[in-house]
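Below: one structure, written as structure tokens.
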Amino acid sequence: MLSAIFEILEKEDINLEWWDFPDYLLGVYVEVDDCKIIGLKKGIDKSNRKLKCVLAEELGHYFTGSTYKSKNPENYREKIEISRKEYRAKKWQVFYLIPEEKFLEAIRKGITEVWELAEYFDVDEEVIRFYIKLTRVRELLKGGY
Amino acid sequence: MTFGERLRHIRKKRGLSLNKLAELLNVAPITVSRWERNQREPDFGTLQKLSEILDISIDYLLGKEDAKIGTSLNLEDLSDLPDEAIKSIEEFIDFVRKKYGKK
């Protein structure tokens, strides 16, 4: 899965750099002067799972065009705008990491706990929690499996 | 990127066909195609409509935009970056601008 992500990075001409970001900042996607760069927090590569999740989220920013100016929001409207774009990138991330049919397959196998699903898909539990809250996924589950 | 290239890039990102975008703008598809090939330019009003439909700033379309970012955080609130993070991102942007940028 990680190699698939690296293939996308290569194909889309997105560069990777490592940086000393604060602990809670795992990655940043930057578009500047027509170049695309993903900055990753140093040390994150110690966990393949984390690296995969962060790269997928950054790719979400790229593929959905959800980017914004690098400054604090000046008003409530800007704040909402940033949240919306981060949400859109996250949504891309989770459906990339967990395609719907694969998710249903897991459920059918009786894998239903958050931690079990996280193990099964080799992603953070946070990704699973975000995923199962999405309307599209709830509808999917309602439809029977 | 030229105006036309940026327009095509973002139109595709939004999953809009050339015909669909033309329809939304109430112009002929050939007009959109000419913009994307840099043979014509849209007027101010159309530029504004383009920015609304594509959900992108006019600055971006005109190539006047500063660095744009997206983040991956370990924090619950996605919009409130601490100042320390903003500073760190700014430093990172300076670094990549020097390494990859034209300026």
For segment A:101-125, pairs from a residue that is free of Cβ contacts under 8 Å to residues at least 60 places away in the same chain and farther than 15 Å from A:Ser47 by Cα to a residue that is surrounded by 14 or more Cβ atoms within 10 Å (Cβ to Cβ) and among the β-branched types (Val, Ile, Thr), with Cβ under 6 Å and 6 or more apart or across chains, are A:Val114/A:Ile128; A:Leu117/A:Ile111; A:Leu117/A:Ile128; A:Tyr120/A:Ile111
Farther than 30 Å from B:Leu54 by Cβ and among the acidic types (Asp, Glu): does that describe A:Glu105? yes
Residue satisfying all of: in segment A:12-48; more than 7 Å from every other protein chain (Cβ to nearest Cβ) and under 18 Å from A:Thr64 (Cα atoms); farthest from the chain's Cα centre (by Cα) among these: A:Asp13
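Considering only segment B:28-53, state which residues are acidic (Asp, Glu) and in contact with a Phe, Trp or Tyr (Cβ under 8 Å, 6 or more places away or on another chain). Talk me through it step by step, then tell me what you get.
Residues of segment B:28-53 that are acidic (Asp, Glu), as a first pass: B:36, B:41, B:43, B:52.
Within segment B:28-53, just B:Glu41 meets the criteria.
For every residue, the table says whether it meets (1) within 14 Å of the chain's Cα centre (by Cα); (2) within 22 Å of A:Gly143 (Cβ to Cβ); (3) within 14 Å of another protein chain (Cβ to nearest Cβ).
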position	(1), (2), (3)
A:Ser66	yes, no, yes
A:Pro73	no, no, yes
A:Tyr76	no, no, yes
A:Lys79	no, no, yes
A:Glu86	yes, no, yes
A:Lys91	yes, yes, yes
A:Pro99	yes, yes, no
A:Ile107	no, yes, no
A:Gly110	no, yes, no
Looking only at segment B:41-56, count how many residues are of a type outside the set (A, V, I, L, M) and part of a helix (DSSP H, G or I). 7
(1) closer than 17 Å to B:Glu91 by Cβ; (2) out of contact with any helix residue (DSSP H, G or I) (no Cβ under 7 Å at 6 or more places or on another chain); (3) of a type in the set (A, V, I, L, M, F, W, C): which one isn't true of A:Leu9, the others all being true? (1)
Can A:Thr135 be described as out of contact with any helix residue (DSSP H, G or I) (no Cβ under 9 Å at 6 or more places or on another chain) and of a type in the set (Val, Ile, Thr)? yes
For segment A:115-145, how many residues meet the condition of being of a type in the set (D, E, K, R) and either closer than 14 Å to A:Ala56 by Cα or in a loop (DSSP other than H, G, I, E, B) (or both)? 3
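Rule-based calculations on the coordinates, nothing more; no lab input. If you're wondering where the values come from, they're calculated on a predicted model, not measured in any experiment. Positions of Cβ are generated from backbone atoms using ideal geometry, with glycine treated the same way; all protein chains shown enter the neighbour counts.
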